[in-house]
Amino acid sequence: MTSPTDGLRCRECGRLFGSEARYVCEWCFGPLEVVYDYDAISGRVDRARIGRGPLSIWRYADLLPADPGGAVDLGAGYTPLIRADRLAAELGLGELWLKDDTRNPTGSFKDRVASVALTRARELGFKVAACVSTGNLANSVAAHAARAGMECYVFVPTDLERTKITTTAVFGVRVVAINGTYDEVNRLCAEIVDEHEEWAFVNINLRAYYAEGSKTLAFEVAEQLGWQLPDHVVAPIASGSLLTKIDKGFAELGLVGLVAGDQRVRISGAQAAGCAPVARALVEGKSVPTPVRPETIAKSLAIGSPADGEAALKSVRASSGSIATATDAEIIEGIRLLARTEGIFAETAGGVTIACLGKLAHDGIVRHDERVVACITGTGLKTVEAFGDAAGPSAVIEPTLDAFAALEDDWRNPE
Ligand SMILES: *Cc1c(COP(=O)(O)O)cnc(C)c1O
Ligand SMILES: [Zn+2]
């Protein structure tokens, strides 16, 4: 088996293409999507078959565009879905769950997409992997390329968090830091891929396959809720791919009969106030976001010209969701709130999600009577610098009992 799918289809004009490394329609330049034969898949897949699968994204291989037999696998996915009663109480919500994707092999949900993309890349005969990244994808592609024994090139903006450079370079890959925004790096890479057709650029010429990996987050949520869909999901938006694919993932579960087919999960988005092109388009009633120049500590979400912004807007509007935004200060507060109430240390994107969840709850958009899932997409260990000195020791004292007693006294009688 080379591919379990029926090729690629243009999202705009509907023309069909083979299962190859191609990212735009040659007729209308529309984005391409993987095509599945859902009737055939529904005859094959059932809950028991999935239940016997590996504890990773590959348990859903029937709905992924690559052969699990050759999976480039570090164990991405099957992350915990955690009931968050203390956070729910703080936000005035009822049943709240957290999808804890900080627990992936390199600490973010990007391991899902990298695993699928590199598996498909290897099937298509590629020996070299590449990506353009706001940080986490660089980690994931580098790690999975190392696992697969593939050569690897990673392109990032220079202003990335130091840790995300280290945790990529350690895998022995070429990290090219570029003086520019993510959108400028992306534009350059679209030209590089024309010069290097022998490279599997996971989010350019393999984007259709890569993006499918994000559906597994939705599949897991449904399975972990006992094969029920939540009422409302809140997800962060950078390119808009994750949010769009969560929506598609829930729809597919209905199409193949794994859940009742008539429920539409509401999908709401979360963006940094300093990079909110999709949120703004929603408010202004536009179908295509106007590009912005990002200015936010949420660097993993700093995409000013989101490739799937239009698709994300459609998902949000069609599901009666909304999109909130969070300032830098609110992002830090969101990270602290999540850590303090639930014991999870998220990166800045998680701070955006929690801050926006709070606003959506306050505005009555995410409701107390809904079963809500918030997506915590990356670990805080890679973005500690966002805190500066704001999270240091409570006190520094000499190694004597007297010094500690004096400190306890201060704590008891603060002035
Ligand atoms: C990339 C990323 C996102 C958003 O992903 P898109 O699919 O580009 O919208 C969210 N959270 C984290 C931590 C990320 O790295
Ligand atoms: Zn087309």
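The values are calculated or read from the model by the stated rules, or taken from the named source; none is laboratory data. Being a predicted model, the structure only gives us computed values, none of them experimental. A quick note on method: Cβ atoms are made from the backbone with ideal geometry, for glycine too, and the neighbour counts reach across all protein chains shown. Quick note on the areas: whole protein, heavy atoms, side chains included, nothing else; ligands and nucleic acids left out. Shrake-Rupley method; radii C 1.70, N 1.55, O 1.52, S 1.80 Å.
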Problem set entry | Pick from the range 247-279, criterion more than 13 Å from ligand 1 (Cβ to nearest atom) and of a type in the set (Asp, Glu), ranking: most open to solvent (accessible area, probe 1.4 Å) | Asp262
For this session: Please work out which one of (1) open to solvent by 10 Å² or more (accessible area, probe 1.4 Å); (2) closer than 30 Å to Gly358 by Cα is the condition Lys99 fails and give its number.
Result: (1)
Exercise. Is it true that Val396 is surrounded by fewer than 23 Cβ atoms within 10 Å (Cβ to Cβ) and either touching a residue at least 24 places away in the same chain (Cβ under 8 Å) or under 16 Å from Ser300 (Cα atoms) (or both)?
Worked result: no
Exercise. Do you know which residues across the range 12-28 are at pLDDT 90 or above and aromatic (Phe, Trp, Tyr)?
Worked result: Phe17, Trp27
Exercise. Closer than 19 Å to Thr244 by Cβ and in contact with an Asp or Glu (Cβ under 7 Å, 6 or more places away or on another chain) - does that describe any residue in the range 294-301?
Worked result: yes
Problem set entry | the range 157-178, subset over 19 Å from Ala238 (Cβ atoms) and among the hydrophobic types (A, V, I, L, M, F, W, C), residue most open to solvent (accessible area, probe 1.4 Å) | Val170
For this session: Looking for whichever is within 12 Å of ligand 1 (Cβ to nearest atom) and at pLDDT 95 or above here; the options are Thr244, Thr216. Which one fits?
Result: Thr244
Exercise. Which of the residues belonging to the range 181-212 are in a helix (DSSP H, G or I), touching a strand residue (DSSP E or B) at 6+ places or on another chain (Cβ under 6 Å) and closer than 15 Å to Leu137 by Cα?
Worked result: Tyr182, Val185, Asn186, Cys189, Glu212
Exercise. Can you name the number of the only condition in (1) assigned to a helix (DSSP H, G or I); (2) among the small types (Gly, Ala, Ser); (3) touching a Pro at 6+ places or on another chain (Cβ under 8 Å) that Gly43 fails?
Worked result: (3)
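Please enumerate the residues belonging to the range 261-272 that are assigned to a loop (DSSP other than H, G, I, E, B) and closer than 18 Å to Glu220 by Cβ.
Answer for the range 261-272, where residues must be assigned to a loop (DSSP other than H, G, I, E, B) and closer than 18 Å to Glu220 by Cβ: Gln263, Val265.
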For this session: Output yes when any residue across the range 223-237 is in contact (Cβ under 8 Å) with a residue 12 or more places away in the chain and over 27 Å from Leu91 (Cα atoms), and no when none is.
Result: no
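Yes/no per residue for (1) in contact with a Ser or Thr (Cβ under 8 Å, 6 or more places away or on another chain); (2) over 30 Å from Gly358 (Cα atoms); (3) away from ligand 2 (no atom under 16 Å from the Cβ):
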residue	(1), (2), (3)
Arg15	no, yes, no
Glu20	no, yes, no
Gly30	no, yes, no
Val34	yes, yes, no
Ile50	no, yes, yes
Asp62	no, yes, yes
Gly77	yes, no, yes
Leu87	yes, no, yes
Seminar exercise, completed: Taking the range 112-145 and keeping only residues that are within 17 Å of the chain's Cα centre (by Cα) and charged (D, E, K, R), one is left with Arg112
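Residues that are among the small types (Gly, Ala, Ser) and either under 14 Å from the mean Cα position of the chain (by Cα) or within 15 Å of ligand 1 (Cβ to nearest atom) (or both): does the range 86-100 have at least one?
Of all residues in the range 86-100, those among the small types (Gly, Ala, Ser) come to 88-89, 92, 94.
Next, from what is left, pick out any that are either under 14 Å from the mean Cα position of the chain (by Cα) or within 15 Å of ligand 1 (Cβ to nearest atom) (or both): none.
No.
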Problem set entry | Residues (open to solvent by 70 Å² or more (accessible area, probe 1.4 Å) and free of Cβ contacts under 8 Å to residues at least 12 places away in the same chain) located in the range 50-61 | Arg52
Exercise. Applying the selection to the range 1-49, what residues are in contact (Cβ under 8 Å) with a residue 40 or more places away in the chain, under 22 Å from Ala190 (Cα atoms) and either of a type outside the set (D, E, K, R) or open to solvent by 80 Å² or more (accessible area, probe 1.4 Å) (or both)?
Worked result: Leu8, Arg11, Ser19, Ala21, Tyr23, Pro31, Leu32, Val34
Exercise. So, of the residues in the range 324-366 that are outside any helix (DSSP H, G or I) and open to solvent by 20 Å² or more (accessible area, probe 1.4 Å), which turns out to be farthest from ligand 1 (Cβ to nearest atom)?
Worked result: Gly364
Problem set entry | Within the range 179-221, tally of residues that are under 30 Å from Val234 (Cα atoms) and open to solvent by 40 Å² or more (accessible area, probe 1.4 Å) | 4
